[in-house]
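Asker: Encoded as structure tokens, here's the structure I'll be asking about.
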Amino acid sequence: MTDEQQPQTREPVLSPLRLEQIHAWWRAANYLSVGQIYLMDNPLLREPLLPEHIKPRLLGHWGTTPGLNFIYAHLNRAIMDRDLDMIYIMGPGHGGPGPVASAWLEGTYSETYPDISQDLAGMKRLFRQFSFPGGIPSHVAPETPGSIHEGGELGYALSHAYGAAFDNPDLVVAAVIGDGEAETGPLAASWHSNKFVDPGRDGTVVDLMRLQDDTEHPHGLSGRDFDALFTTDKPVIFAYHGYPWLIHRLTYRRTNHGNIHVRGYKEEGTTTTPFDMCVLNQLDRFNLAIDVIDRVPRLKDVSAHVREELKNKLIEHRQYIRAYGEDMPEIRNWEWTSAPGPANKPADEVAEPA
């Protein structure tokens, strides 16, 4: 082997010290993120964790958050190393704990909101406020310092990124595409935005996606197994906490596709109770039971009174929440039990904490 053929050794991009510093920052951001999702007290876990330290209602997707924090850390490194003019747009909506954590960790959040200070008391307020009454939403809402894109709208991250880059030649926009929004029409259209970019007049958009590892392949049922579960001719009522079209696409070539009726998000909602959000999207127990009555032939002629009772329960529900601002006791106290059938928790077990 001649000297020219000798393999070239490349200097590492990051020194061990720099790598450890970034990794430490990333771990801290991840802890702050998971604390926002789960904790309302005991932020540094200096006491044994108790049920009263945990939020009663959890929002925010942990799964997408470490990746967003990882990108944030390395984009900041690139900005400092190269003096870049850069912004970061995050499509995954419920990854909101990540950018809030990063903003607090670097000091920007406390500059904007001095009461969320960079100490133990401020950390406790940071954790408690996230997706909590009187606090902040679970997305990168407008009150998040620097936010121009809330995330979670499913489809607009890339179009917002190009909009920011147009007529801004020095700007670099790093846009993370959420896996859910990657399947939407607006995202599909926004892939064509590069056709309108003028390199001399506009900035640069870097689109980022997290791809599945090649060891994760999707799993599905054979036609025979699918028919054994869902039949070839019976109506199927599918309550899906997502967009109905996704299930219709997955079942399009199945034998019983025409009998699969999916109830899912219609993007109907407002400031209301948890159960009423289901009612507005017709995912609640009453609307689902009515749907079954309407679609099963043998039930239509014998269930008129039951159907009317279910309609009346929907009316009762609407009147109750408008009078009291919370779901009916039979709804909010309901729980699974080991015995057949549902049960209600005793009232003293569900009382709001003092």
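Asker: Leaving ligands, DNA and RNA out of it, report the carbon-plus-sulfur percent of the accessible area of the chain at a 1.4 Å probe.
Answerer: Numbers: 12220 of 22270 Å².
Carbon and sulfur atoms account for 55 percent of the accessible area of the chain.
Asker: Among V279, S33, G107, which residue has its Cα furthest toward the positive end of the charge dipole of the chain, with +1 on Lys/Arg Cβ and -1 on Asp/Glu Cβ?
Answerer: V279
Asker: Where the only charges are on Cβ atoms (+1 Lys, Arg; -1 Asp, Glu), what is the dipole of region 166-320 about its Cα centre, to the nearest 20 debye?
Answerer: Details: 18 positive and 24 negative charges, 186 e Å.
With Lys and Arg at +1 and Asp and Glu at -1, about 900 debye.
Asker: While we're looking at this one, here's another question. Can you tell me the accessible area per residue over the chain, all protein chains present, probe 1.4 angstrom, in square angstrom?
Answerer: Here the per-residue accessible area is 63 Å².
Asker: Further question: Using a 1.4 angstrom probe and counting only protein chains, how large is the accessible area of H61 in Å², to 10?
Answerer: Counting only protein heavy atoms, H61 exposes about 100 Å² to solvent.
Asker: Could you sort out which of K234/K311; K234/K300; K55/K311 sit more than 22 Å apart by Cα distance in this structure? Present the calculation step by step, with values, prior to reporting the outcome.
Answerer: Details: K234/K311 25 Å; K234/K300 15 Å; K55/K311 34 Å.
Over 22 Å Cα-Cα: K234/K311; K55/K311.
Asker: Now a separate question. Can you find, among T144, G223, I177, the residue sitting farthest towards the positive end of the charge dipole of the chain, where Lys and Arg contribute +1 and Asp and Glu -1 at Cβ?
Answerer: With unit charges placed on the Cβ atoms, the residue in question is G223.
Asker: Relative contact order (percent) for region 5-65, with alpha-carbon contacts under 8 angstrom and 6 or more residues of separation? The partial results should precede the final answer.
Answerer: Working: 24 pairs, mean separation 18.1, N = 61.
So the answer I get is 30 percent.
Asker: For the chain, take N as its residue count and report Rg(C-alpha) divided by 2.2 N^0.38 Å.
Answerer: Working: Rg = 25.5 Å, N = 354, 2.2 N^0.38 = 20.5 Å.
Dividing the Cα radius of gyration by 2.2 N^0.38 Å gives 1.24.
Asker: Per the helix-only calculation at 222 nm, which mean residue ellipticity applies to the chain, given -39500 (n - 2.57) for every DSSP H run of n ≥ 4 and division by its residues, nearest 500 deg cm²/dmol? Write down the numbers at each step before the final one.
Answerer: Details: 14 runs with 143 residues, N = 354.
It comes out at -12000 deg cm²/dmol, rounded to the nearest 500.
Asker: Give me the percent relative contact order of the chain, please, defined on Cα pairs under 8 angstrom at least 6 residues apart. Could the numbers behind the result be given before it?
Answerer: Working: 457 pairs, mean separation 37.2, N = 354.
It comes to 11 percent, rounded to a whole number.
Asker: Report for the chain the percent antiparallel among DSSP-assigned beta bridges with both residues inside it, nearest 5.
Answerer: Taking every DSSP beta bridge with both residues in the chain, the antiparallel ones total about 15 percent.
Asker: Could you sort 121-131, 69-79, 237-247 so that the peptide with the highest average Cβ count within 10 Å comes first and the rest follow in order? If you can, show how the numbers build up before the last one.
Answerer: Working: 121-131: 19.5, 69-79: 17.8, 237-247: 14.5.
Top to bottom by mean Cβ count within 10 Å: 121-131, 69-79, 237-247.
The values are calculated or read from the model by the stated rules, or taken from the named source; none is laboratory data. For clarity, every value in this text was computed on a predicted model and none was experimentally measured. Note that we place each Cβ from the backbone using ideal geometry, even for glycine, and neighbour counts take in every protein chain shown. These accessible areas exclude ligands, DNA and RNA; they are computed on the full protein's heavy atoms, side chains included. Shrake-Rupley method; radii C 1.70, N 1.55, O 1.52, S 1.80 Å.
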